[in-house]
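Enquirer: Mind having a look at this structure? Questions to follow.
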Amino acid sequence: MAEPGRPRSTKSLVRGAAGAVLFSALAIFLIMRLTGGREGLSSLFRVDRVSLATAGLLVVVGWVLEAARIETLVRALGGKLGFTSALRIALAGAFVACVTPFDTGGEPLQVYLLHRHGIGAGESTAVIAVKTIVSSLARLALALIFPVWYIVGRRSWDLPGGLEVALFVGLVLYILVLTLIGFFVLYPESVGAVLDRVLRNKYARRLVPAHAADSFLEKVKTEVRDFRAAFRTFVRERRPALVAISILSLLSWAMVFFIPVLVLRGLGVDPPFAQTMGVAGIFYLAAAYAPTPGSSGAAEASLAVLFGSIVPFRLLGVFVLLWRGLTYYLTLLVGAVAVAASYLHGRTRRDDGRGKSAG
């Protein structure tokens, strides 16, 4: 069985993290300067700690639910994975997603780490693919509730016309990408067909020798067969596991959408509940495709624009700072620890393997 490709190098992750923090900090600084300034900054010291702590707790519970989904899917395929390992994999994936453009690096790393824990390459890919698709569908289902509510009662939700267009374009793009992912999951052999055409191209042959292309395609075909078998097992024999992770995904995203409500209450603002959660849902759909690492910069600007009609102007910068601090920087910090722990765990296992071989 071919091992999934190794994740990005440490230097690449460090550069990504530095770029993400730089973009995010710069955006927050500009928003703070343009909105509340010193007055807004002073409100940080008057934030209700209970509301803020509750929001932070929801972030932590989200990590736990992510680990529970991974563990549930692995066990559904007959594999063994402890909850601590699942949590470390979930957090490591979250960290890499936070430092890569379009949040694309998290899932490949999780596949790699699962394989390193003894799960087959095809099975690991199936676990993460199913988790990602179910999570994406849960996010879409919850987020669609609010645009429908907006269309029905648009008088109570006033957004600039240009922003309306941007939001719905983002929604359509999200659905198209999700449809494409679903197609490759349902017809995984198409991946091999696409790669075959690419690698057999006369231009690709100049870069990739024929024997290397043949070897790579053979590995892909093997992993595709394993993936398809694992996916069929989920759909035909492990439906209770799919129901369980669907419920966990819906709960997880509902908590994520509720975090801005708690942040605003912590700032002394009584926000419109449905509109606040609706804007949060649209934000997580539209901001997913920003090309910066972890959507940094674009995410902060989007938050300021989207919540401009809900948050008092002087508190807008503080609101963005607190929300990103809880949902992004906290994940970045704890995820970095998880990546380091995964690296040390893998290194220890390799050292133990060499010791046994030497013995």
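The values are calculated or read from the model by the stated rules, or taken from the named source; none is laboratory data. Quantities reported herein were computed from a predicted structural model and do not represent experimental measurements. FYI the Cβ positions are ideal-geometry reconstructions off the backbone, even for glycines, and counts take in every protein chain you see.
Enquirer: What pairs come out if I take residues in the stretch 261-276 that are assigned to a helix (DSSP H, G or I) and pair them with residues that are small (Gly, Ala, Ser) and modelled with pLDDT under 90 whose C-beta lies under 9 Å away, six or more apart or interchain?
Expert: VAL261/ALA280; GLN275/SER156; GLN275/SER309
Enquirer: Here are some residues: GLY105, GLY79, GLY56. Which one is free of Cβ contacts under 8 Å to residues at least 60 places away in the same chain and of a type outside the set (A, V, I, L, M)?
Expert: Just a single option satisfies the conditions, and that option is GLY79.
Enquirer: Condition first: modelled with pLDDT under 90, more than 11 Å from the chain's Cα centre (by Cα) and closer than 17 Å to VAL127 by Cβ. Now tell me which residues in the stretch 81-109 satisfy that.
Expert: Listed by number, the residues that qualify are PRO108, LEU109.
Enquirer: Report whether or not SER136 is over 23 Å from ALA280 (Cα atoms) and of a type in the set (Gly, Ala, Ser).
Expert: Values: over 23 Å from ALA280 (Cα atoms): no; of a type in the set (Gly, Ala, Ser): yes.
It is false that SER136 is over 23 Å from ALA280 (Cα atoms) and of a type in the set (Gly, Ala, Ser).
Enquirer: Of the residues that sit in the stretch 23-34 and are touching a residue at least 40 places away in the same chain (Cβ under 8 Å) and surrounded by 14 or more Cβ atoms within 10 Å (Cβ to Cβ), which one is nearest to VAL318 (Cα to Cα)?
Expert: Out of the qualifying residues, it is MET32.
Enquirer: Still on this model: Which one of these does PHE319 not meet: (1) part of a helix (DSSP H, G or I); (2) at positive phi?
Expert: Just one mismatch for PHE319, condition (2).
Enquirer: Based on what the data block shows, is THR132 touching a residue at least 24 places away in the same chain (Cβ under 8 Å), closer than 20 Å to SER295 by Cα and not in a loop (DSSP other than H, G, I, E, B)?
Expert: yes
Enquirer: Right, ALA68: closer than 28 Å to MET255 by Cα and either at pLDDT 90 or above or surrounded by fewer than 14 Cβ atoms within 10 Å (Cβ to Cβ) (or both) or not?
Expert: On the way: closer than 28 Å to MET255 by Cα: yes; either at pLDDT 90 or above or surrounded by fewer than 14 Cβ atoms within 10 Å (Cβ to Cβ) (or both): yes.
Judged against the criteria, ALA68 is a match.
Enquirer: Now for a different question. Quick one: which residue in GLY93, GLY78, GLY118, GLY122 is in a helix (DSSP H, G or I), of a type in the set (Gly, Ala, Ser) and farther than 16 Å from ALA336 by Cα?
Expert: Numbers: GLY93 fails: farther than 16 Å from ALA336 by Cα; GLY78 fails: in a helix (DSSP H, G or I); GLY118 fails: in a helix (DSSP H, G or I).
Just a single option satisfies the conditions, and that option is GLY122.
Enquirer: So, one more: For LEU159, work out the one condition from (1) at pLDDT below 85; (2) part of a helix (DSSP H, G or I) it doesn't fulfil.
Expert: So the condition that LEU159 fails would be (2).
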